[in-house]
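Values in this text are rule-based calculations from the coordinates and carry no lab data. Because the structure is predicted, anything quoted here is derived from the model rather than measured. Quick reminder, even Gly has a Cβ in these numbers, built from the backbone with ideal geometry, and neighbours come from all protein chains shown.
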Amino acid sequence: MSKVETRLYINNEYAAAKAGETFLIINPFDGSHVADVSSAGETDVDAAVKAAEEAQPRWAALAGTERAKIMRCFAELLRKHTPQLAQLDAQVMGRPAHGNTEGTGSAAIFDYYAGLGEHVHGTSSLLTPGFINLSVKQPFGVTVGIIPWNFPVSSFAFKAAPAVAAGNSIIIKTSEKAPLSLAYLSQYIAQAGFPPGIIQILHGGGKTGQLLSEHMRVRKLSFTGSTQTGRAILIASAKSNMKNVTLELGGKSPTIVFEDADIDKAASSCAFSIGFNSGQVCIASSRLYVHDSIHDSFVEALAKAMGQFQHGNPLEAGTTMGPQADQAQAAIVSKYIGIGKEDGVIAYGGQDTKNNFFQPTIFTDVPHGSRLNREEVFGPVVVIHRFNDENEAIRLCNDSEYGLYAAVFTQNVDRALRVAKRLESGSVGVNCNSPVTANDLPFGGWKMSGMGRENGPNGLAPWLEDKSMYVKV
Ligand code: NAD
């Protein structure tokens with residue numbers, strides 16, 4: 001059993017859920033009991049909101065440089081504890097610990113937003129005679145981040161860092177599947193210097209998330225998770241206080257591989273995209289459109305690249321693919337492999353292995369309307385389609401309700417940019433899949449993959465309200 005403090009982190013103190021409810025964490029690799037974690041109910045949610053509400057005005061009144069100092073200190077602690085965070089996530093959701101640098105990546109996110117928070121500026125205008133007009137940016141107040149299990153630490157950082165840099169307080173609701181890395185990290189919140197109530201960590205499942213999304217005194221909610229839950233959160237917000245909502249949702253990301261692409265490089269990039277974190281990645285390239293003339297050689301190269309993944313204990317070096325995060329997730333992958341067997345042809349893999357592991361799998365000859373091709377699997381399963389013509393490839397890529405990520409492989413720069421422009425998605429990789437950094441660019445989805453943007457140079461904007469002041473002179 002883990003030694004991590006698994007009670008709720010409210011007002012810089014640990015407290016068991018008032019109703020005494022807990023939930024179990026089971027290691028998906030060996031079925032062992034990892035921890036019992038407190039599950040926040042209504043009283044706990046109210047206590048956290050009250051603490052957040054009381055603390056936030058003093059936090060907002062600090063100089064940006066003072067907030068930044070605390071954030072940078074927290075970033076250092078995150079960096080230092082990267083291996084411990086990776087080991088905890090390996091135990092709870094099977095992600096290989098070796099090479100998991102979510103801690104250092106998340107530290108960079110805190111550093112980045114610490115810097116942005118030192119430069120929050122509004123505008124002024126003298127265009128209206130008799131007035132000096134000012135526009136200032138102010139925090140929302142109490143904010144909430146509800147996060148998924150597939151990248152617990154970076155999902156936390158993507159929300160907490162900009163929220164507090166902008167002068168908000170934030171309550172993070174961890175995922176019931178992977179709360180331990182953030183439970184562990186909570187001990188460094190006070191140590192870094194965050195006052196009580198500024199970053200609070202609540203554990204619990206959908207019910208806890210629902211209490212937060214319906215809460216009348218929460219003014220902004222940023223959610224990362226499935227499209228289905230995103231819809232429920234939007235409805236909850238509409239029915240309560242119409243809190244500002246940002247949604248980062250699911251995907252069914254397409255990749256086009258043209259006949260002039262470097263086949264081996266494209267195949268190894270696509271293999272990594274669908275195999276990394278056992279395919280449990282929102283931007284995983286799960287639909288591949290390959291030019292007819294290179295189809296067979298590409299399938300062969302992709303199978304070879306997929307064969308490089310090493311199944312094993314996620315805590316051991318050498319393991320590059322762990323099990324699915326839990327039995328429920330494994331059952332979903334199994335279901336979609338079943339659909340693929342009915343609707344198409346297995347070109348590689350396809351076998352369930354023991355302990356929630358799956359062989360990376362390639363399907364071909366799957367109709368475009370098949371559920372395997374339209375729905376998010378969240379496992380190492382890819383569908384390959386043939387195309388002959390650029391317009392056809394673009395039309396097929398865009399024939400999806402999702403629009404989170406897409407990629408194009410070609411050595412023709414004109415074509416790469418022309419195609420990237422026409423793909424209906426929030427991000428497009430050119431000769432690469434899946435890189436996301438918080439610092440350079442905004443991230444988010446088109447269509448049913450999301451609403452609003454996070455990250456990038458304007459990443460503080462979603463956490464700030466504008467106020468216009470009309471000053472008569
Ligand atoms: P999920 O929607 O099941 O759960 C996400 C979070 O929402 C969890 O903390 C859960 O407890 C909470 N929740 C569940 N029901 C709720 C409700 N009714 N009200 C409020 N909160 C509720 O998603 P998941 O299985 O944890 O994560 C996988 C999904 O997340 C995939 O669809 C994936 O594509 C998506 N995802 C998207 C991004 C992105 O940036 N777009 C990143 C990572 C994951």
Vicinal HN-Hα couplings computed from phi for the stretch 8-15 (Karplus, 6.51 cos²θ - 1.76 cosθ + 1.60; Hz; Gly/Pro x): 6, 9, 10, 6, 6, 9, 8, 8
26 Å Cα-Cα threshold exceeded, pairs from LYS207/LYS239; LYS50/LYS80; LYS50/LYS173; LYS50/LYS243; LYS159/LYS467; LYS304/LYS341: LYS50/LYS80
Residues GLU342 and ASN458, FRET efficiency given R0 of 45 Å [Cβ-Cβ distance, rounded to 0.05]: 0.50
Kyte-Doolittle at least 0.0, axis length at least 20 Å by Cα - qualifying DSSP helices, the chain: 102-117
Kirkwood Rh, angstrom, the stretch 50-206 [1 / mean 1/r, Cα pairs]: 16.3
Neighbour-count ranking [beta-carbon atoms within 10 angstrom, fewest first] of CYS397, CYS270: CYS397, CYS270
Potential lengthening between ASP260 and LYS304 on full extension [0.36 nm per residue; Cα-Cα distance subtracted]: 13.9 nm
Rounded to the nearest 20 debye, dipole of the chain from Cβ charges on Lys, Arg, Asp, Glu: 1300
Order of ILE172, ILE26 under a 10 Å beta carbon neighbour criterion, fewest first: ILE26, ILE172
Distance cut-off 29 Å, percentage of C-alpha pairs in the stretch 253-430 lying past it: 15
Filtered trypsin sites (Lys or Arg not before Pro), the stretch 264-359: DSSP coil and at most 12 other beta carbons within 10 Å: LYS354
Relative contact order (percent, whole number), the stretch 253-430, Cα cutoff 8 Å, 6+ residue spacing: 28
Compactness of the stretch 196-308 - radius of gyration and Dmax, Cα, Å: 20.4, 62
Reachable aspartates and glutamates from LYS220, criterion Cα separation under 17 angstrom, eight or more residues apart if same chain: ASP46, GLU53, GLU54, GLU248, GLU454, GLU465, ASP466
Unit charges at the beta carbon, dipole of the stretch 253-430: most positive-side option, VAL333, ALA420, THR361: VAL333
Hydrodynamic radius of the chain per Kirkwood, over alpha carbon pairs, in Å: 23.1
Inter-label distance, nm, simple model (7 Å from Cα along the C-beta direction), HIS33/GLN327: 1.5
Relative exposure of VAL471, VAL142, judged by other C-beta atoms within 10 Å (fewest first): VAL471, VAL142
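Compute the FRET efficiency between GLN191 and ALA63 as 1/(1 + (r/R0)^6), taking r as their Cβ-Cβ distance and R0 = 30 Å, and round to the nearest 0.05.
Efficiency, rounded to the nearest 0.05: 0.90.
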Charge dipole (debye, nearest 20) of the stretch 104-254; +1 at Cβ of Lys and Arg, -1 at Cβ of Asp and Glu: 480
Spin-label pair GLU53/GLN138, simplified geometry with 7 Å Cα→Cβ offset, distance in nm: 1.7
Approximate spin-label separation ASP46-VAL413, in nm, with each point projected 7 Å along Cα-to-Cβ: 6.3
Spatial separation of Cα centroids for the stretch 291-362 and the stretch 158-172, in angstrom: 37
